[in-house]
Amino acid sequence: MNTRTDGPEATGRVDVRLGDRSYPVFVGPGVRHRLPEEVARIGARRVVVVSARPPEWTPDPGVPHRVVPARDGEHDKTLATVEHLCRTFADFGLTRADAVVSCGGGTTTDVVGLAAGLYHRGIAVIHLPTSLLAQVDASVGGKTAVNLPEGKNLVGVYWQPRAVLCDTEQLDTLPAVEWRNGYGEIARAHFIGAGELRDRPVTEQITACVALKARVVAADERDAGLRHILNYGHTLGHALERATDFRLRHGEAVGVGTVFAGRLAGLLGRIPTDRVDEHRAVVAGYGLDTRLPDGVDHDDLLAFMRRDKKSTSGLSFVLDGPSGPELVADVDETAVRAALTDM
C-alpha cells in the first residue's frame, strides 16, 4: 500500500450539506495554513487550540489564542478530560462568539468536539485531523463522544464542526502503525459505497471516504437509518478495543470487525461465499490482520457487543446483503459465536 504523500497532489474540497450548518472539508498538502481564513470566515474573535502535535505542526489561528496540549489515545478519552478542557475554555474567557480548534488524531477530535458541543451549550469548532484515521472518518460528521469503563463512545452529542482541514503533509510524520489504523476505516468503506481505493493516492482515498460520509450524513445526520452503515465492522471492532484494553487500535479492530461482518453475513445467508472472501481479501490488501487476536474471550466480546449503541434489540450488526449494507437487529447468538470461531 502507498503510505507516503510525496509528490504533487491536488487539493480536494467536499461540502457536508446540512443547510445553514453546512461546512467545507479541505483535503491536500498544506491545507492547515487555511486556518486563519476559516477562523475569519466564521467570525471568531478568540480561539483555544487543543493540540496533540508539536508546536511546528500547530498552526496559528490568526487571532488571540491559547494552545492547550493534549494526548492522542483512548485512555484520555474521558469525561474528566472534557471537564478539564471546558474549565480551560472558561479560564481563557471564551464566549459563544469564539471558537475551539482541535489538532490531533481521532481521539482528540472526539474529545474536543464534545467539549465544544457542551461548553456554553455549543461553541464553534474547527478540526485539523492529523492522523489518517481522523482524516478519513473521525473529524467529519459531527459525532463526538468519550468512553466509559462499560464501553466505547457511550457519552456524546452530535456537534458539527464549522470546517475540517485534512492536511496530508501531517501524515508524513506518522509511524506505520498509524497508517494501519487509518487503513482499517478505508477498508470498511469499500463495502459501504466507496468502491476500490487500494493503490490510489492518499489524497484520493481520503477525499473518497469523506465524500461518502458527507452524502450519508447529509441524508441522515442523527443515525435514524442510513447512517448506521458507517458503523460497518465497528460492533466487533469496538468490543475488541475494550477486550484488549485498547492494545488493538481502532482502525485495526475495525479491519478485523469488517472480516467478521462478512463471515456473519455469509453464515446468515445474506451474501455468497465470494463476497465473504472479498471481505478478507480487501482487509488483507491494506496490510491488516484478518483474525481475532490471541487470548480474547468470546463471552467478553459478546458482553461488549450487547452494549453497543446500535443494539436496541439483542445483538445488532451492520451487515452486507442483497440490498447492500443495513442494520440487522436481534441476530442469533449461535451464528455470532460460529462467526467468531471461524475467525
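The values are calculated or read from the model by the stated rules, or taken from the named source; none is laboratory data. Worth saying up front: this structure is predicted, and the values here are computed from it rather than measured. Glycine gets a Cβ as well: all are built from the backbone with ideal geometry, and neighbour counts include every protein chain shown. All accessible areas refer to the heavy atoms of the entire protein, side chains included, with ligands and DNA or RNA removed. Shrake-Rupley method; radii C 1.70, N 1.55, O 1.52, S 1.80 Å.
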Completion exercise
Quick count over the stretch 9-33, residues being basic (Lys, Arg) and part of a loop (DSSP other than H, G, I, E, B), is 1
Practice task
Please enumerate the residues belonging to the stretch 149-184 that are of a type in the set (Val, Ile, Thr), crowded, with 19+ Cβ neighbours inside 10 Å and under 16 Å from THR108 (Cα atoms).
Solution key: VAL164
Completion exercise
Expected single match for in a helix (DSSP H, G or I), charged (D, E, K, R) and at pLDDT 95 or above among ARG242, ARG227, ARG270, ARG263 is ARG263
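For (1) in contact with a Leu (Cβ under 7 Å, 6 or more places away or on another chain); (2) open to solvent by 70 Å² or more (accessible area, probe 1.4 Å), each residue gets a yes or a no:
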residue: GLY28; (1), (2): no, no
residue: ARG45; (1), (2): no, yes
residue: ARG53; (1), (2): no, no
residue: VAL67; (1), (2): no, yes
residue: LEU85; (1), (2): no, no
residue: THR88; (1), (2): no, no
residue: GLY93; (1), (2): no, no
residue: ALA97; (1), (2): no, no
residue: CYS103; (1), (2): yes, no
Fill in the blank from the handout: When the stretch 28-59 is checked residue by residue, the ones that are under 22 Å from ILE206 (Cβ atoms) and among the small types (Gly, Ala, Ser) are GLY28, GLY30, SER51, ALA52
Fill in the blank from the handout: For the stretch 260-281 the number of residues that are touching a helix residue (DSSP H, G or I) at 6+ places or on another chain (Cβ under 7 Å) and surrounded by fewer than 15 Cβ atoms within 10 Å (Cβ to Cβ) is 1
Problem - Residue ID - farthest from the chain's Cα centre (by Cα), chosen from residues in the stretch 234-267 that are of a type in the set (Gly, Ala, Ser) and more than 18 Å from GLN135 (Cα to Cα) - result: GLY266
Practice task
Sort out which residues of the stretch 312-338 are buried (at least 20 other Cβ atoms within 10 Å of the Cβ) and assigned to a loop (DSSP other than H, G, I, E, B), and write them in order of number.
Solution key: ASP320, PRO325
Exercise for the section: Within the stretch 282-311, track down each residue that is under 18 Å from TYR232 (Cβ atoms) and either surrounded by fewer than 15 Cβ atoms within 10 Å (Cβ to Cβ) or touching a strand residue (DSSP E or B) at 6+ places or on another chain (Cβ under 9 Å) (or both). Expected result: ALA284, PHE304, MET305, ASP308, LYS309, LYS310, SER311
Fill in the blank from the handout: Residues in the stretch 34-60 that are at pLDDT 95 or above and assigned to a helix (DSSP H, G or I) total 9
Fill in the blank from the handout: Among the residues of the stretch 30-41, the number that are open to solvent by 30 Å² or more (accessible area, probe 1.4 Å) and within 24 Å of THR107 (Cβ to Cβ) is 1
